[in-house]
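J.: Please see the structure below; I have some questions.
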Amino acid sequence: MYGKVVLSFMFVLLLILSYSIFMGTIDIRSDFFPRLKLPAAAPAPCAPDPPLRVYMYDLPRRFNVGMMDRRSTVETPVTVQDWPRWPQNWGLKKQHSVEYWMMGSLLYEGLGGEAVRVSDPELAQAFFVPFFSSLSFNTHGHTMKDPATQIDRQLQVDLMEFLNKSKFWQRSRGRDHVFPLTHPNAFRFLRDQLNESIQVVVDFGRYPRDMSNLNKDVVSPYVHVVDSFTDDELQDPYKSRSTLLFFRGRTYRKDEGIVRVKLAKILAGYDDVHYERSVATEENIKVSSRGMRSSKFCLHPAGDTPSSCRLFDAIVSHCVPVIVSDQIELPFEDEIDYSQFSLFFSFKEALQPGYMIDQLRKFPKEKWTEMWRQLKNISHHYEFQYPPKREDAVDMLWREVKHKLPGVRLSVHRTRRLKIPDWW
């Protein structure tokens, strides 16, 4: 009797043990054969994030590339087959041409980058509005008093009438719509109608926070106007760059840019400092490029707004930027640490006689050389080009847009259930 009970108990115990081993809750190898432990399986590689699905409105050419050839009367939307090249002789217009390169990236197929164009708006996560608002300002009476400026205003009116009829604009009140607005006067007549949209801007110098801010908008680089330094392979770049500090540009600017006049006086009299008043002609841009390539540090004071194209000219020239701007915002700063290749001075520090030059003279050669290497490593993130490339400026911008979409969804969902005006 007792023998049967013991046998039954042992049978049940063996059954439970066998089941546990089979299911993996007990590993007899670790207890009885500790030297036979198998290595842990390598974690599966993370799949890349799928590209942002973007719907681009088909707008008549007068809203975009028609401004590049004003003799053309073609109104059908531009395609990848007839996409025009950016004119070589357009000088400073190029610095605000982000709108052109973003549109081109959506027309081009086969990149496999951060954004892909979809033909069905129901599948889109974001909507791109291909209106060249900066070029419109520069083309249609940018003196603001020219009668032609009414063309710019009418384009904005026509565009908003079109968008307000779109169910996709109505669905989110434009929050998931992307507008490149890199000129400070872009879309100036109706910009308050874009307060909730994703604006691609170079800084926030001219607008109140309820119109444009870092929470919803994307900071873009200016498009650099000097040629990129592609063969910067000198054995001793520090020694070969004989100028300590270089600046060439307009010295009379508005708002924060008044610091430029003061710096002209502070920096006078140094043999190895080049500080020159200049305007941006084609020849002067070439002269500035040569100056940046032969300088250790390139000065970037605030302009009419906290930023200017000069910073990005310095980056692609591998000249360590010296930034004097108290309220500057920088592109891609969630991924790029500018302190790794730039120096920052407040207005107060920069305007102390001798202080900034003394700091630059004491800056270690080894540390400067490391910053120079960093500039070479990251400069491709500031290239605007067609065809586009992975990790270039436009690819980075689309990734920034993607990062804004969770906030867009939050705003849309809250709006749908609110019974009173939003208290925020």
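J.: In µm²/s, what is D for region 165-290 at 4 °C and 1.567 mPa s, where D = kT/(6 pi eta Rh) by Stokes-Einstein and Rh is the Kirkwood radius from Cα pairs?
T.: 71
J.: Hey, another quick one. Enumerate the aspartates and glutamates that Lys286 could reach by cross-link, defined here as Cα to Cα under 19 Å, with residues fewer than 8 away along the same chain left out.
T.: Of all the aspartates and glutamates, those that pass the test against Lys286 - Cα under 19 Å, at least 8 places apart if same chain - are Asp227, Asp231, Asp232, Glu276, Asp313, Glu383.
J.: Gly113: net charge of surrounding residues, Cβ under 12 Å, Lys/Arg +1, Asp/Glu -1, itself excluded?
T.: Surrounding charge for Gly113 is -1.
J.: Counting pairs of alpha carbon atoms under 8 Å apart in space and at least six apart in sequence, what relative contact order in percent does the chain give?
T.: 15
J.: Taking the 0 to 90 degree range and rounding to the nearest ten, how far is the long axis of helix 98-107 tilted relative to the main principal axis of the chain, both from C-alpha atoms?
T.: The answer is roughly 50 degrees.
J.: Here is a follow-up. Scale the Cα Rg of the chain by the rule-of-thumb value 2.2 N^0.38 Å and send over the ratio, two decimals.
T.: Its radius of gyration relative to the 2.2 N^0.38 Å reference: 1.31.
J.: Would you mind calculating the gained length between Lys165 and Gln193 on full extension (0.36 nm times residue separation, minus the Cα-Cα distance), in nm to one decimal?
T.: Extending this stretch completely gives an extra 8.7 nm.
J.: When only C-alpha pairs under 8 Å and at least 6 residues apart count, what is the relative contact order of region 115-207, in percent?
T.: 32 percent.
J.: On to the next question. Too long at a 29 Å Cα-Cα cut-off: which of Lys239/Lys389; Lys165/Lys216; Lys167/Lys216; Lys93/Lys145; Lys262/Lys402; Lys94/Lys296?
T.: Lys239/Lys389; Lys262/Lys402
J.: What number comes out for the charge environment of Val394, summing +1 per Lys or Arg and -1 per Asp or Glu over other residues with Cβ under 12 Å away?
T.: -4
J.: If you consider only alpha-carbon coordinates, what radius of gyration and Dmax does region 147-223 have, in Å?
T.: 12.6, 36
J.: If you take every residue apart from His140 with its C-beta less than 14 Å away from the C-beta of His140, what net charge results, scoring Lys and Arg +1 and Asp and Glu -1?
T.: That works out to +3.
J.: From the alpha carbon gyration tensor of region 302-384, can you work out the equivalent ellipsoid semi-axes (sqrt of 5 times each eigenvalue) and give them in Å, largest to smallest?
T.: Output for region 302-384: semi-axes of 21, 18, 10 Å.
J.: In Å, what is the Rg of the alpha-carbon atoms in region 67-125, and how long is Dmax?
T.: Taking only Cα atoms of region 67-125, I get Rg and Dmax of 13.8, 40 Å.
J.: Of Pro208, Tyr338, Ser197, which is farthest on the positive side of the dipole of the chain, counting Cα position, with +1 on Lys and Arg Cβ, -1 on Asp and Glu Cβ, and the Cα centre as origin?
T.: Pro208
J.: Right, here's the next one. Show the residues, 5+ positions off or on another chain, whose built amide H is closer than 5 Å to the amide H of Asp272.
T.: HN-HN under 5 Å from Asp272: empty list.
Quick note: the coordinates plus some simple rules give every number you see, no bench work behind them. Keep in mind the model is a prediction, meaning the values are calculated, not measured. Virtual Cβ from ideal backbone geometry, glycine too; neighbours counted across all protein chains shown.
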